[in-house]
Amino acid sequence: MVSLVATGLTNDGQLDLSGIPEVFGDARTWQVIGQTILQAVGSTVISLLLGLPAAYVLYRLDFPGRAFLRGFLTVPFVLPTVVVGTAFTALLGPGGPLEWLGLDRSFVAIIIALAFFNVTVVARTVGGFWARLDDSAAMAARVMGAGRVRAWLTVTFPALVPALASAAALVFLFSSTSFGIVLILGGREFANVETEIYRLTVQFLDLRSAAVLSLAQFVIVGLALTVSARLRSSGERAVELRAEAPQGQREKRPGIADLPALVMFGATVLILHALPILTLLGRSLRAADGSWSFGNYAALFSSADLPIEGTVLESIWLSLRISCVAAAIAMFLGVLIALVLSRRPGSDVLRRGMSLFDGLVMLPLGVSAVTLGFGLLLTMNKPLGIGFDLRTSVALIPIAQALVALPLVVRTLLPVLRSIDQRLRFAATSLGASPLAVLRTIDLPMVGRSAGLALGFAFAASLGEFGATSFLVRPGEQTLPVVIAQLIGHQAPGSYGAGLAGAVVLGALTAAVMLVADRLRADRIGSEFRGEF
């Protein structure tokens, strides 16, 4: 961020604010900002409309297969953006089953694809809140003669407003910082701030304008994060929540009155989530003449007919190696940071310092990946006196990916460490255990309970990372998401089909990693989005 500020607001080491009116005096800038806001607002509205019924079905009703559906609804959130963007091009683009709608490369396509991710955020955020909501006021309204709908509108819905507002702020944040979806589905015509920063940097080498635009994006992100945190905090103070939902509330069986919510939820799962992924899989198995074939997958092993250096298989191996390094870095730093943040300092000064440190750690989650990648590109020119330019080194990619994954690791491990009873540490200390022994016998075993999930998040986030990596890759060293985006956007014969096959491989790898990580953990702590993210 310091490098971004220096690039955008200085010239030859002197303060120079001329870049600000230059950038914001351009009509193109306001067009891009307006499109960013419209895309984020549209995605937020659609996600709330579809996520609220999902939250009710998954957290207020009990039926066979509910646990599976909760897990299935999590899958879209962890899929790489380049996979989802490719899936929607396969669905809505030329030759797709919904080509007749004419939505390819449209504003509506971007909104729908963003909702693909963010319905999960709404369902998890609102559902977890709703499950712990005290129902006594709604039951009293029913006893006093209010109908089911009136009781919900006058009692339950107002109680859910803080959670809905918090979820809306998060969805707005994720949508306004989307890069891969908008780049693949929107192009230059429907560019947002993220893709415009990329275009200014890569195509026009206008680093100063890109830096000024990045600072504006940082302000937008900061406001969204602040609003989300305040709304969640005030919401939980405003209503009475239980630690766990009462048994009767949690195990309500579906009835006729629940049919609209069930239909809406079923349509969301089948049309919004399952259909694009199934279409991607099906079209990856189709040759150019429409026949069934594994030719697209065979093309991954050869570069003869593809507009890339090397083969897609080489990019897969490179992505796996880089992701291993990035995940290891993120885990090492994440465990140390989570151990520090889990402590409860006694003084106000230390608590404020801890809160500031927590915010700095979460900065990569709030600052977009594009801004992060751009900042690293500006910073790593012989940093700290190092005698060579790191911007040309492949070593910079795992560093960037580790920074992206670090907040996920910390937020997965931190609830586990904070759940440790302080009396255990006090008892061990009073019996003569050293701080290192307390750490080894109490804290680290608890970390191990969610280490598998944290590692899975770190590896999956690194494997599918596209925004920051797109700034840092060099010819011949492209990761799989970057190669997929190149293939999808190229007109060479066989390029599109190979891109579809590559997207299927990337999605399968990501899903497999998360499945293994979920199986490795010893408990379910950290599996829900608890508002920590």
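From the list 476, 467, which residue is modelled with pLDDT under 90, assigned to a loop (DSSP other than H, G, I, E, B) and touching a helix residue (DSSP H, G or I) at 6+ places or on another chain (Cβ under 6 Å)?
Testing whether each residue is modelled with pLDDT under 90, assigned to a loop (DSSP other than H, G, I, E, B) and touching a helix residue (DSSP H, G or I) at 6+ places or on another chain (Cβ under 6 Å) leaves just 467.
Examine segment 443-459 for a residue that is in contact with an Asp or Glu (Cβ under 8 Å, 6 or more places away or on another chain) and surrounded by fewer than 23 Cβ atoms within 10 Å (Cβ to Cβ), and state whether such a residue exists.
yes
Going through 129, 179, 174 one at a time, which residue ends up being closer than 23 Å to residue 58 by Cα, buried (at least 19 other Cβ atoms within 10 Å of the Cβ) and modelled with pLDDT of 85 or more?
None of the others qualify; the one that does is 174.
Filter segment 104-126 for residues that are of a type in the set (D, E, K, R) and over 12 Å from residue 182 (Cβ atoms) and give the result.
Across segment 104-126, the qualifying residues are 104, 124.
Answer yes or no as to whether residue 450 is polar (S, T, N, Q), assigned to a helix (DSSP H, G or I), under 32 Å from the mean Cα position of the chain (by Cα) and within 14 Å of residue 325 (Cα to Cα).
No, not satisfied.
Quick check on this structure: which one of 82, 108, 78 is among the aliphatic types (A, V, I, L, M), in the same structural domain as residue 170 (by TED's automatic domain parsing) and without any contact (Cβ under 8 Å) to a residue 12 or more places away in the chain?
108
Considering segment 267-323 alone, what residues qualify as being more than 20 Å from residue 490 (Cβ to Cβ), without any contact (Cβ under 8 Å) to a residue 60 or more places away in the chain and either of a type in the set (Lys, Arg) or crowded, with 17+ Cβ neighbours inside 10 Å (or both)?
285, 321
Which of the residues belonging to segment 63-106 are modelled with pLDDT of 90 or more, surrounded by fewer than 16 Cβ atoms within 10 Å (Cβ to Cβ) and of a type in the set (Phe, Trp, Tyr)?
100 - this is the single residue of segment 63-106 that is modelled with pLDDT of 90 or more, surrounded by fewer than 16 Cβ atoms within 10 Å (Cβ to Cβ) and of a type in the set (Phe, Trp, Tyr).
The values are calculated or read from the model by the stated rules, or taken from the named source; none is laboratory data. Everything quoted here is computed from the prediction, not taken from an experiment. Because the Cβ atoms are built from the backbone with ideal geometry, glycine has one as well, and the counts that use them run over all protein chains shown.
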